[in-house]
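The block underneath contains the structure these notes are about, expressed in structure tokens.
The values are calculated or read from the model by the stated rules, or taken from the named source; none is laboratory data. If you're wondering where the values come from, they're calculated on a predicted model, not measured in any experiment. Methodologically, a virtual Cβ is constructed for each residue, glycine included, from the backbone with ideal geometry; neighbour enumeration extends over all protein chains shown. Ligands, DNA and RNA are excluded from the accessible area calculation, which covers all protein heavy atoms including side chains. Shrake-Rupley method; radii C 1.70, N 1.55, O 1.52, S 1.80 Å.
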Amino acid sequence: MDISRFVARGPRAIGAVAASAYDFGVGAGTDARGPYPCEHVRVKAAHARALTLGATVAWALPVGLAAVASAHETAGQGWGFLGSQLPELLTPVVCVAAAWLIVRRVPTSPTGPALAWTGGGIAVVMALDVLTQSEFFVSSLPGVGAVATVSTGLWPLDLVGLLILLLVFPDGRRTGRIWRAVVPAYAAATVMLVIAMWGSRKVDGQVEGGPTGGPRVVLLVAGLLLVAACLVAAIVSLVLRYRSGDEVLRLRVRWLMLAGVAIMALLVAGWVMSIGFKAPLDVAYAPVLVAIVVLVPVAVAVAVVRHDLFDIDRLLSQSTAWMVTLVLSAATFGIVVLAVSEVLSRSSGLDLTAAAFVTALVLLPLHRYVSTAVARIVDRDRFVAVARVERFAADVRAGRRAPEEIETVLREAHGDPGLRLFLAEGGSWVDPSGAPCPDAAGLTLTFGGDAIARIHSTNDAARARRRLGELSRAAAVPIEVSRLRLGLLAGRARLIEATVAERRRLERDLHDGAQQRLIATGMRLRRLQRDLDPNRSAEIDCAVAELEGTVAELRELAHGVRPSRLDDGLLTALEAMRATTPIPMDLDVSPLPALDDVQVLSAYLVVAEAVTNSLKHARATHVGVRVADLAGRLCVEVSDDGIGGVPDGGALTALRDRVESVGGTVTISSPSGAGTTVQAML
Amino acid sequence: MRLVVGEDSVLFREGLVRLLADAGHDVLAAVGDAEVMEAAVAELQPDVVIADIRMPPLLESDGARAAARIRVTSPEVGILLLSQHIELRECLDLVGTPGFGYLLKDRVLHLAEFDDALRRVADCGSAIDPEIVRSLVRARRSSALDSLTPREVEVLALVAEGHSNAFIAATLFLSERTVMAHMRSVFTKLGLTEDGATHRRVLAVITYLGSQQVNVPATHSGKH
């Protein structure tokens, strides 16, 4: 308790600087947000700047001290020491630079100071090393000896920044006493190690005069375990936050994961180089060191400042996949070499050749398999979304689902109920139902070089746009099919409209043209008749009667093309039909909304055709006609009491064609001996 | 008789004008446009205007609409509409009113019948084409008309066409008394009130037949 208070309050203790960065944050404002127990830590911008400045100065310490030391020493020991620790000197540089970037762009994020002190801690330890190992300082500065007695146990300060970074990255920490206790516990561990190592000193990088007594060894082991426990706890806290965090938090953590995966890959590569190719250790593992020094701070900075920079999911997924493939193919190579040399029981060129062959053979399928497997785990959201759309596309190909559902599928896969799909139809944009949408905007999808669709999402984040791009590519075929089907329907509708207009014109031409001329001819005959003797006059009567018959026939013909009584309404026309039907006909017409020309004519012709069928083939004695408005659709039903048994696709094909051409559906129920019912929905 | 003819088909118009002239009528004007016809009627005040239903300028039911306006502006002028086919939509209000006729165009080939219809219209009577009456009666056959005897239906049809009792009696080879008895029976069965004047009976009958046909009731179900 005393120790933690000391850490929290002791302004001169270096650990406390980092710890107070941590406490600043908690004090400066927390908002417990969302369903997961996580505080969103915000630090004051001035504090963040001060802390980062402190870390910058701390980084300058070892360099400055080394410069002073080498100026007063002939051996140039200070520079030599720094030169041997170049990667460690580089770490604070990159960390501090990345931290400044974060502080400038997101001044209230705790990640900036934490990252700065990830480097700052290392710099302070280095400065102490320079101080205590330089003859100049030891001899000229009085307190240095005292510092030297504690400095060997202070190495956990190297990691204190990283610890805090893990606890607060990217924007908060978990609530609860356990997590609050991590930093004090770590400080306590440091004190334990200092006490255990009291009096020892470093000479040329080697510790001399380490603990000898039993209690101090116990203290040393306990301190080391506590340091390890704190680091594990910090990592666990990050994992827990990742698991319970929102989308953005996960994205940010994934950047750090990417750096981790890259380091792992380099570690594997270094292992392969050192074992397989007998490379010197410092050469083999140099990339790993540089990666740790550079990649982690850069990943942290990108995660906080521009987490949307690249498709992190893809990067992470693919780099992980490549790493796993690398390990597996190396293992394959090794196993084959081992197996072949076992079988042949002597070393030959064959084992290497066989191994290379087998490895080359398995590499691609292996990578494909690993990619899928890794994507399923690492990049689960994208994988699930794309797989969903692809499965839908496969269902469409197999005829199990209608391509028109694509908008709904995209909405669900993209998690955006406001997503809208626009299709290119006849040089303009329409929605999936065919209604024109001149203000269509969004991601344009091309197919075979033509723009076929636009997809508009309410989620405009760069990541969402990328995701949408992938989804739309997976959905291209269903979208194109639904577009073509829509175009077909629209074309057919235009054709039907034209046909109906043509029928109307034809009917008028018959009435106003041929009929009029025939009657006019009849009138001329009547005028001639006046001057003729009665015998010839009978001849004229016959001719006029003939003309009248022709006029009546023409009227019938025009009626068949388009009953002019349809102008008086569907009911009037159907009643006129009932008047001419030779068997009793029940007529039940509900009140109908305003119908257009195509609907009226289609409904009329359906009834006419079905009734004609009943008369001709069904030997019906009674027929019922029902017309009703069913939820915006016109329902026409004709039933008779005839012999039934209309073969599917038989006599009523023309009727079915007619209804389907205007986008309607026909159901025919015709059990043998039990009458026929034709129902058309228009 | 002083007449104005409105008909856009030149062949038919010229033929009609000659037939009317031959029959001794005085054709004051023969025009091919509904608006011109309206103006001519207003100026000349003929006994009867013979108008094609479908005429320019719109080639819709312009003739019928012009006739409806003429009925308002010049109520004294008789109206005889001609049509190629049955097209009641625009002139239902006029059907059965005094001095109104509606004939299919082929009717002009039967000179005597046509002349008779023309005179009935001029005398504030009524002349409805038998074809139209037939279709109205047929369309109604499944309702109250079922209670009528075949002979009563015949009488009803002739009444609807606008004929007098004497004509009906002659046509059906009955006495006028018998015709009147049938008439009363028909009017009672259909729930109509009888009135002496011919055109009013026509109006009653046509309204009965036509209203239930064109003015669609809320739900309509025919029963046998």
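See the values below:
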{"item": "B:L44/A:L495 FRET efficiency (R0 45 Å; Cβ-Cβ; nearest 0.05)", "result": "0.35"}
{"item": "Protection proxy ranking of A:91-102, A:589-600 - average other beta-carbon atoms within 10 Å, highest first", "result": "A:91-102, A:589-600"}
{"item": "Using alpha-carbon coordinates, inclination of helix A:157-168 to the longest axis of chain A, degrees", "result": "20 degrees"}
{"item": "Probe 1.4 Å, accessible area per residue of the stretch B:97-139, Å²", "result": "31 Å²"}
{"item": "Interface burial for B against A (accessible surface, 1.4 Å probe, total of both chains, Å², rounded to 100)", "result": "3800 Å²"}
{"item": "Viscosity 0.890 mPa s, temperature 25 °C, Stokes-Einstein D of chain A from Kirkwood C-alpha radius, µm²/s", "result": "72 µm²/s"}
{"item": "For the stretch A:45-53, 3J(HN,Hα) per residue [Karplus equation, 6.51 cos²θ - 1.76 cosθ + 1.60, θ = phi - 60°, Hz, x = Gly/Pro]", "result": "4, 5, 5, 4, 5, 4, 5, 5, 4"}
{"item": "Viscosity 0.890 mPa s, temperature 25 °C, Stokes-Einstein D of the stretch A:539-595 from Kirkwood C-alpha radius, µm²/s", "result": "179 µm²/s"}
{"item": "Descending semi-axes in whole angstrom, ellipsoid equivalent of the stretch A:369-473, from the Cα gyration tensor", "result": "25, 16, 12"}
{"item": "Ellipticity estimate at 222 nm from DSSP helix runs (n ≥ 4, -39,500 (n - 2.57)) divided over chain A, nearest 500", "result": "-22000 deg cm²/dmol"}
{"item": "Neighbouring partner chain Cβ atoms per residue of A:542-549, average, 10 Å criterion", "result": "1"}
{"item": "Simple spin-label estimate for A:L141 and B:R18 in nanometres, 7 Å along Cα-Cβ", "result": "13.5 nm"}
{"item": "Carbon + sulfur, % of accessible area of chain A - ligands and nucleic acids excluded, 1.4 Å", "result": "63 percent"}
{"item": "Per-residue mean of C-beta atoms belonging to partner chains within 10 Å, peptide B:104-114", "result": "5"}
{"item": "Descending principal axes extents, the stretch B:26-93, alpha-carbon based, whole Å", "result": "28, 23, 18"}
{"item": "Distance histogram in 5 Å bins (all Cα pairs of the stretch A:410-544, percent per bin)", "result": "2, 9, 13, 12, 10, 6, 5, 4, 4, 4, 4, 4, 4, 4, 4, 4, 3, 2, 1, 0, 0"}
{"item": "Reciprocal mean inverse distance between Cα atoms of the stretch A:530-672 - Kirkwood radius, Å", "result": "17.4 Å"}
{"item": "Cα long-axis angle, helix A:516-529 against chain A (0 to 90 degrees, to the nearest 10)", "result": "10 degrees"}
{"item": "At most 13 other Cβ within 10 Å, DSSP loop - GluC sites (Glu not before Pro), the stretch B:1-77", "result": "B:E76"}
{"item": "Mean shadow area of the stretch A:591-656 over all directions, Cα convex hull, nm²", "result": "4.9 nm²"}
{"item": "Using alpha-carbon coordinates, inclination of helix A:247-271 to the longest axis of chain A, degrees", "result": "60 degrees"}
{"item": "Part-to-part distance (alpha-carbon centres) for the stretch A:477-504 and the stretch A:359-417, which is given in Å", "result": "33 Å"}
{"item": "Normalised contact order of chain A, rounded percent, pairs of Cα under 8 Å and 6 or more residues apart", "result": "7 percent"}
{"item": "For the stretch A:478-543: Kirkwood Rh in Å [reciprocal of mean 1/r, alpha carbons]", "result": "16.1 Å"}
{"item": "Estimated FRET transfer efficiency when R0 is 45 angstrom, pair A:T353-A:R466 (beta carbons, to 0.05)", "result": "0.55"}
{"item": "Cα gyration tensor shape of the stretch A:362-423, rounded if a/c is under 1.5, else prolate or oblate by comparing a/b with b/c", "result": "oblate"}
{"item": "Inter-chain shielding of B:52-64 (mean C-beta neighbours from other protein chains, 10 Å cut-off)", "result": "1"}
{"item": "Hull volume in cubic angstrom per residue (convex hull over the Cα atoms of the stretch B:1-138)", "result": "92 Å³"}
{"item": "Shape parameters for the stretch A:94-169, alpha-carbon atoms, Rg then Dmax in Å", "result": "15.3, 45"}
{"item": "Residues A:A545 and B:T188, FRET efficiency given R0 of 60 Å [Cβ-Cβ distance, rounded to 0.05]", "result": "0.90"}
